[in-house]
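Below is one structure, written out as structure tokens; comments come after it.
Taken together, the values in this text are just the output of simple stated rules run on the coordinates, not laboratory data. Keep in mind it's a predicted model, so treat the numbers as computed, not measured. Using ideal geometry, Cβ is built from the backbone for each residue, glycine included, and neighbour counts are taken over all protein chains shown.
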Amino acid sequence: MSYAVTAEWDETGWWVVTVPDVPGAITQVKRLSQVREDAAEVIEIQTGTPVDPAALKIDWFIHGTAGETAAKARAMRGEVDQVTRSAVRELRKSGFSLRDTGELTGISFQRAAQIDKELREG
């Protein structure tokens with residue numbers, strides 16, 4: 001089963017982690033990288049059922065300008081990834097080498113090769 005998890009930054013420097021669908025499922029962590037494991041553990045404690053941390057959907061919240069800026073950066077990263085994938089597809093279709101594709105898109109030729117392979121395998 002998958003659970004939605006909320007991680008909210010508080011003014012004391014901790015992430016307050018809650019699982020809205022599991023009453024009493026609350027914990028806190030110092031770093032975002034700890035959210036999945038701790039949330040899975042608290043879900044298991046509250047429900048008695050083990051949960052795969054990878055199956056958790058994490059939504060994070062930071063109040064104020066820092067949160068707005070971080071959210072904008074994340075959204076822009078998604079847009080950049082889509083445009084990069086499109087550029088790799090078109091450059092490779094046009095006969096450019098992986099090294100030239102990487103150079104033209106600002107990524108390593110290894111990353112260009114990964115994207116190219118993903119696109120070919122569908």
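Below are the figures for this structure:
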quantity: Reachable aspartates and glutamates, given that their alpha-carbon falls under 17 Å from the alpha-carbon of K57 and they are not under 8 places away in the same chain; calculated: E8, D21, E37, D38, E41, E44
quantity: Translational diffusion of region 4-61, µm² s⁻¹ [Kirkwood Rh, Cα pairs; Stokes-Einstein; 37 °C; 0.692 mPa s]; calculated: 296 µm²/s
quantity: Environment charge of W14, counting only residues whose C-beta is closer than 12 Å and scoring Lys/Arg +1, Asp/Glu -1; calculated: -2
quantity: Antiparallel bridges, percent of DSSP beta bridges restricted to the chain (to nearest 5); calculated: 60 percent
quantity: Length released on extending from K57 to K93, taking residue separation times 0.36 nm less the Cα-Cα span; calculated: 9.4 nm
quantity: Estimated 222 nm signal from helices in the chain, with DSSP H stretches of n ≥ 4 weighted -39500 (n - 2.57), rounded to 500; calculated: -17000 deg cm²/dmol
quantity: Two-site label geometry, Q34 and V16: point separation in nm, points 7 Å out along Cα→Cβ; calculated: 1.7 nm
quantity: Share antiparallel - DSSP beta bridges, region 4-61, percent rounded to 5; calculated: 60 percent
quantity: Read-out Cα extents along the principal axes in Å, derived from the coordinates shown; its label in [x] 47, 25, 23; [y] 103, 43, 22; [z] 57, 36, 19; calculated: [z]
quantity: Computed FRET value (nearest 0.05) for E68 with R120, which takes r as the C-beta separation and R₀ as 41 Å; calculated: 0.60
